[in-house]
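The values are calculated or read from the model by the stated rules, or taken from the named source; none is laboratory data. Model, not experiment: these values are computed from the prediction. Cβ placement follows ideal geometry from the backbone for every residue including glycine, while neighbour counts extend to all protein chains displayed. Only protein heavy atoms, including side chains, enter the accessible area calculation; ligands, DNA and RNA are left aside. Shrake-Rupley method; radii C 1.70, N 1.55, O 1.52, S 1.80 Å.
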Amino acid sequence: MTTTLTGRVVRPGDPGYEDARMNSNARFSKYPAAIVFCEHVEDVANAVRWARKYGYPLRVRSGRHCYEDFTLADGGIVIDVSPMNGVWLDPEKRTAVVQTGIRQLPLYETLWQKGVTVPGGTCPTVGIAGLTLGGGYGFLSRMLGLTCDQLFEVETVLASGQVIRANDREHADLLWASRGGGGGNFGIATSFTFQVYPVSNVAIYRIAWPWRDLPLLLNAWQHWAPSVDERLTPSLVLSASSNDYCYSSGQYVGPERRLRELLVPLLSVGTPLETEIMTVPYLEAMYRFGGLKMEHAQWQMTPEHRHRFKNSGAFVYRPLPPQAISTIASFLHAAPSPLCMIVFESLGGHLGRIPPHATAFVHRRASFHMQYLTQWDDPAADKAHLRWAEGIRKALLPYTFGQYVNYPNVFDPNWAQAYYGSNLNALRRIKRKYDPDNVFRFAQSIPPL
Ligand SMILES: Cc1cc2nc3c(=O)[nH]c(=O)nc-3n(C[C@H](O)[C@H](O)[C@H](O)COP(=O)(O)OP(=O)(O)OC[C@H]3O[C@@H](n4cnc5c(N)ncnc54)[C@H](O)[C@@H]3O)c2cc1C
């Protein structure tokens, strides 16, 4: 161990400290003793040993998109792997070694040059590290599975500073835990090896309805989306009534003509306002779902893109009854801002056929996931938004089961069971084995058995 931290070390008073100490959620403001931007695996290992030697709390960070403040600590050391963002493709084996500091869009762009992709999520700036370690859901999930389902090797720096590789031959339990067991729990992942898939054009759609169609639309969507052709992954966005519209969008890996046929049950609901169905290159679909224009993609996360937000969610295993649908409509009607919404993400298909214990991601049998989102800028509005987000989550608890660990919520007292269900004990055993001193610890880290 060197006697100093290595990499680019940013301390209070240094230029860039204000930016370095903030994450994408502007609701959290903490003052770490240092943020270590690691350029090499050795910088990571050194920072872990150094923080332990001098007794600093440790946090691990990559894309900074955590919903809660799990990657920051007042007076702590934040180990940030974002400078480590290389990608090495092996076209013969259809595999890619990806350093964990890369964000989604740069990864999609790099792989697209070679005509392949890793199934991931939609937000351009989400880090591949947190995404993969917690699961990784997106518009290829029903066809190819989650991002963690493509992971077959992970390089990890342990609490001792030792660097190991987990695959199906060695440390297979750590690989299992890294496939949905949540970020920051077992060590610091420094590279992933993924299976990649050829991609070219895809058919995408977006259909909007007036808000008054919400009950009919939600009911039709929930009976259609989880069992439709698995090459189609549909979503549904129900917004606050002040927006006066709702929409469904999705991606189909196949001909546009067939997508039009698959959409017939949805198009026959209520009175659609606009229907857009088109064939685009896969990368363009990623830009569109990420809210970017193809010609000037701007994926940097700059301070002016930071907002306060509170999101959480729940899995749905059985169709929502009419009472649940009217609860949803009431909350969206009484929402504190037009930015409140619920995003429904369809499951089933390939991801649903993987057994719940085959990876740490346990919620394989759910039909869909509901995400409750709200965003604002004025700190004075915190209370109203937090109350709304928790209010809807609690009101829908009778109809839901479990939560997605990548949408964590510190207000849920049953978080461990909700995220991990019947995989929790196995994860706790693995935590004890790889991090016996509980060095990687935060508000919702897995407690060692
Ligand atoms: C705008 C937005 C859009 C999103 N869209 C999607 C989506 O489409 N699909 C989806 O599945 N999820 C989505 N998410 C959720 C996302 O998957 C999680 O927030 C994820 O944890 C973010 O990872 P990160 O690396 O960006 O975040 P960070 O805040 O850096 O880290 C998140 C967690 O992972 C840990 N971690 C980070 N790096 C490492 C590492 N190298 N080794 C070990 N642990 C590490 C952290 O300690 C923390 O606990 C979205 C989130 C946001 C804010």
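Details
- Residue among Leu158, Leu175, Leu216, Leu151 that is of a type in the set (A, V, I, L, M), in contact (Cβ under 8 Å) with a residue 12 or more places away in the chain and within 27 Å of Leu373 (Cα to Cα): Leu216
- Filtering region 351-389 to residues that are small (Gly, Ala, Ser) and open to solvent by less than 70 Å² (accessible area, probe 1.4 Å) leaves Gly352, Ala358, Ala360, Ala366, Ser367, Ala381, Ala384, Ala389.
- Just one residue in the set Gln403, Gln371, Gln417 is in contact with a Ser or Thr (Cβ under 9 Å, 6 or more places away or on another chain), at pLDDT 95 or above, outside any loop (DSSP other than H, G, I, E, B) and among the polar types (S, T, N, Q); that residue is Gln371.
- Region 76-88 - residue that is away from the ligand (no atom under 12 Å from the Cβ) and not in a loop (DSSP other than H, G, I, E, B) and, of those, surrounded by the most Cβ atoms within 10 Å (Cβ to Cβ): Ile77
- Which numbered condition Val163 misses (of (1) crowded, with 19+ Cβ neighbours inside 10 Å; (2) hydrophobic (A, V, I, L, M, F, W, C); (3) away from the ligand (no atom under 12 Å from the Cβ); (4) under 30 Å from Tyr54 (Cβ atoms)): (1)
- Test: residue in region 103-120 that is under 17 Å from Val202 (Cβ atoms) and part of a strand (DSSP E or B): yes
- Condition met for Ala380 (free of Cβ contacts under 8 Å to residues at least 12 places away in the same chain, among the small types (Gly, Ala, Ser) and farther than 29 Å from Leu144 by Cα): yes
- Checking the stated criteria, Leu144 turns out to be within 24 Å of Val343 (Cβ to Cβ), open to solvent by 10 Å² or more (accessible area, probe 1.4 Å) and in contact with a Phe, Trp or Tyr (Cβ under 9 Å, 6 or more places away or on another chain).
- Check on Gly135, near the ligand (Cβ under 10 Å from one of its atoms) and within 25 Å of Gln417 (Cα to Cα): yes
- Unique match (being part of a loop (DSSP other than H, G, I, E, B), open to solvent by 10 Å² or more (accessible area, probe 1.4 Å), farther than 20 Å from Leu424 by Cα and charged (D, E, K, R)) among Arg308, Arg318: Arg318
- Condition check for Pro336: surrounded by 19 or more Cβ atoms within 10 Å (Cβ to Cβ) and either closer than 14 Å to Leu238 by Cα or in contact (Cβ under 8 Å) with a residue 24 or more places away in the chain (or both): no
- Residue match in region 89-98 (condition: outside any loop (DSSP other than H, G, I, E, B) and crowded, with 20+ Cβ neighbours inside 10 Å): yes
- When residues of region 112-125 are limited to those that are open to solvent by less than 30 Å² (accessible area, probe 1.4 Å) and touching a Leu at 6+ places or on another chain (Cβ under 9 Å), the one farthest from Tyr420 (Cα to Cα): Val116
Rundown of residues vs (1) touching a residue at least 24 places away in the same chain (Cβ under 8 Å); (2) open to solvent by less than 30 Å² (accessible area, probe 1.4 Å); (3) away from the ligand (no atom under 14 Å from the Cβ), yes/no style:
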site: Arg8; (1), (2), (3): yes, no, yes
site: Tyr17; (1), (2), (3): no, yes, yes
site: Arg52; (1), (2), (3): yes, no, yes
site: Tyr56; (1), (2), (3): no, no, yes
site: Ser62; (1), (2), (3): yes, yes, no
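- Wholly within region 175-264, strands (runs of 3 or more DSSP E) carrying at least 2 residues that are within 15 Å of the ligand (Cβ to nearest atom), closer than 17 Å to Tyr137 by Cβ and open to solvent by less than 10 Å² (accessible area, probe 1.4 Å): 188-195, 232-239, 245-252
- So His363, is it farther than 28 Å from Ala26 by Cα and assigned to a loop (DSSP other than H, G, I, E, B): yes
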